[in-house]
Ligand code: SF4
Ligand code: SF4
């Protein structure tokens, strides 16, 4: 099994619902975003770019690209970052030593560090005391590694897990469910009859920074907007 | 020895301040540093790389003695080994506060990932620590036997002074020869931590490891030079002039090699003219030009000074040149971080809008009034806490060197050779 995702940029309306769903379902502390949506070229989101009055506005959601050749995993000295049997790159929050080598190694800027205790961070940001959001229980992989917990320990790295707490029992990731435009398609790239496999086969796909050889398992369908 | 007591006191207070700062950081998290997600390594790693660099000198000086039979340097092999041991100890100590979970550091040993250059570095640095310790130990054996010191020395009791001296000589040589490749390796591997990362164009070059070696030979030898100058003092300077000249020549020669690598590296970064490379060049010659100028001009000045006949012969020039070199090399280590982290790897071109490189913003990891959460560059400057913690290796090196000089005979003129 090789879980992957196809993101149809033709359908993305840049609403950032996926980022918000991701943030709240995964209990990300203030300032931490596993999933981002920006308007490439613009200095702020939802601003058109172009020249001589020819404007365009596309959106690009970016979270962990679930590389098949993950630099983050290769540099991790303690094996805290690993790829599970479903092809998902995960972090064991109980093993990470917080060296941040993986943050330097990842070309996509998706890795987030717990610079302070998440409860303290929430308090400092002015959240109501005791306000907790996100999936409330721990999630461990079959070897007992802690891959999701609502308040990550201070000093460890975190990132998108393809919603390990949901997808490990066959559900869809929060961003897929939360997207109003059905932009995101999630599935098994090893299964030729899955929708993701079909799309990757039949449509022209783009992967980010392909030239670096990271072999991401997140594929983008380019915004085509045919003009001829 | 009043002076050494003052120095020990100073070293002690540096260590104390750094431990307090480190404690504060452990209590609050690395939020008390100015590092953030987009700029995830800073002063600590730069200082670490600096101390790895100066740790080279010891074994390079002692190996030159044995490999090329340079007798003039022989009186300084002890000081050389000591400086190497102290520096690598400082480097190892500096790495610890950078770990967000230093309490779990054992995970590196229990579950090592042998594909990680960081694990390679742990191995070679531990090896170097052991080798330099043994080197100091073996060289001190005869003196300590004479004094009747028993700590770690008990086994020499059954042997005569001559036997111990022969043993010391033989093993000093062996250790120096085994140590030389390890000395080269600690720089190579430390450089590989950076050079392997294709995500960071500034690091991702095969010239980085050899360049680290050349800088290390220069700065490491300069450290031996400084300690040796301080130890013999101005009075006996003339007596050991030959040795100092050789060391100055080693420094200047390896700087030539360093500048050769730097130029090749700049040409390769610049010639093709890719947008990524242009961004890096505009960072080093633009925003960070003063730091980059320090990195280039200070050592260049030292190189020229150490090549001139007059310079090599003057206590003051050797001292000043070495200090300038240290500042330059420290700037060099800082410049590893700034351009690398402020050129965001995920940059995109939007041909329709005529944009060649647009950096995809990164979440900082902190939410604060009046500050954006998503950034495409981060004006990193270390916080007071970071400066405090960084005193740790400086304190340790000062402490180890002063204590050792005070307790044992490292000074050449007093030795029975
Ligand atoms: S996108 Fe980054 S964090 Fe995700 S697998 Fe690739 S290198 Fe690792
Ligand atoms: S910060 Fe954690 S996950 Fe990242 S490389 Fe270090 S130990 Fe591994």
Per the Kirkwood treatment, what hydrodynamic radius in Å, one decimal, follows for the protein assembly as shown from the mean inverse distance over all distinct Cα pairs?
26.8 Å
Project the alpha carbons of chain B onto their principal axes and report the range along each, largest first, in whole Å.
83, 49, 40
Please state, to two decimals, what the Cα-based radius of gyration of the stretch B:15-93 comes to when divided by 2.2 N^0.38 Å (N = residues).
1.54
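If you wrap a convex hull around the alpha carbons of the stretch B:65-158, what volume per residue comes out, as a whole number of Å³? Could the numbers behind the result be given before it?
Details: hull volume 15.7 nm³, N = 94.
Hull volume over Cα atoms, normalised by residue count, gives 167 Å³.
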For chain B, set up a GNM with springs between Cα atoms under 10 Å and report which of B:18, B:377, B:263 has the largest fluctuation.
B:263
Taking 4 °C and 1.567 mPa s as the conditions, I'd like the Stokes-Einstein D for the stretch B:165-298 in µm²/s, using the Kirkwood hydrodynamic radius from alpha carbon pairs.
74 µm²/s
Within a 10 angstrom radius of the beta carbon, how do B:3, A:209 rank from fewest other beta carbons to most?
B:3, A:209
Per residue, the convex hull enclosing the Cα atoms of the stretch A:12-68 spans a volume in Å³ of 107 Å³
Over the alpha carbons of the stretch A:1-128, what is the largest minus smallest coordinate on each principal axis, giving the biggest first in Å?
52, 41, 25
Which FRET efficiency value, to the nearest 0.05, do you get for residue B:28 and residue B:147 by plugging their Cβ-Cβ distance into 1/(1 + (r/R0)^6) with R0 = 51 Å?
0.60
Candidates A:35, A:69, A:26; GNM for chain A (alpha-carbon contacts under 10 Å) flags as most fluctuating A:69
Exposure proxy check: B:316, B:115, A:36, B:144 ranked by fewest other beta carbons within 10 Å?
B:316, B:115, B:144, A:36
Cα long-axis angle, helix B:2-28 against chain B (0 to 90 degrees, to the nearest 10)
30 degrees
Given 25 °C and 0.890 mPa s, compute D for chain A with the Stokes-Einstein relation, Rh being the Kirkwood radius over Cα pairs; round to the nearest whole µm²/s.
133 µm²/s
Using a Gaussian network model of chain B with C-alpha springs under 10 Å, which one of B:242, B:321, B:57 is most mobile by mean-square fluctuation?
B:242
Proxy exposure order for B:240, B:332, B:159 (fewest C-beta within 10 Å first) is B:159, B:240, B:332
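No value in this document is a laboratory result; all are computed from the given coordinates. Quick caveat, the model's predicted, so the values are computed rather than measured. Backbone-built Cβ (ideal geometry, glycine too); neighbour counts: all protein chains shown.
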